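The structure under discussion appears below in the form of structure tokens.
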Amino acid sequence: MADRLMTGTEAPGFTLKDSNGMDVSLSSTRGRNTIVYFYPAASTPGCTKQACDFRDSLASLQAAGYEVLGISPDPVEKLAKFAAAEALGFPLLSDEDHTVAEAYGAWGEKKNYGKTYQGLIRSTVVVDPEGKVAVAQYNVRATGHVAKLRRDLKLDS
């Protein structure tokens, strides 16, 4: 498992395919705040709840100067179905070999029902306009995470 990212460090660059098969690079968001969130699997209850929370907050996040990118180890085809089913208005990116998740410290040991395995750790990293880590949160909960993130970013009035 890679080390977790620390505030003020350079965010690792990446280029991944989105749900439409198009390349999306972190560098394309330079000059804007970008919320990069990692989730384990599209179309599962927790991940759907989290994605819909981002969808429902997207307009206000964008108005505050934030873009949203969701990353999972799912293939492009599964992401396309998920994005269409939930009417998600932000890019979902495929990290099938979990290289980006590892670089962001979002891949590692997990425990579930007494079993230990390697998997995606639900995480969120906010990258500032200069490409530096502004916020890094690991082992976040799917439910209520967007509201907590908004509070942490001081976006709620």
Considering residues of the range 91-108 that are hydrophobic (A, V, I, L, M, F, W, C) and under 14 Å from GLY21 (Cα atoms) only, the residue surrounded by the fewest Cβ atoms within 10 Å (Cβ to Cβ): LEU93
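Against the definition (on the phi > 0 side of the Ramachandran plot and surrounded by fewer than 22 Cβ atoms within 10 Å (Cβ to Cβ)), how does ALA87 come out, yes or no? First the steps, then the outcome.
Working: on the phi > 0 side of the Ramachandran plot: yes; surrounded by fewer than 22 Cβ atoms within 10 Å (Cβ to Cβ): yes.
So ALA87 fits the description; yes.
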Matching entry among GLN62, GLN50 (being over 20 Å from ARG122 (Cβ atoms), surrounded by 13 or more Cβ atoms within 10 Å (Cβ to Cβ) and within 16 Å of the chain's Cα centre (by Cα)): GLN62
Number of the condition not met by SER60 [criteria: (1) at pLDDT 95 or above; (2) within 29 Å of LYS154 (Cα to Cα); (3) not acidic (Asp, Glu)]: (1)
Test: residue in the range 69-90 that is among the hydroxyl-bearing types (Ser, Thr, Tyr) and more than 15 Å from ASN20 (Cα to Cα): no
Residue tally, condition of a type in the set (A, V, I, L, M), in a loop (DSSP other than H, G, I, E, B) and under 14 Å from the mean Cα position of the chain (by Cα), over the range 10-47: 3
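The values are calculated or read from the model by the stated rules, or taken from the named source; none is laboratory data. Since the structure is predicted, the reported quantities are computational estimates derived from the model, not experimental observations. Cβ sites come from the backbone with ideal geometry, for glycine too, and all protein chains shown count toward neighbours.
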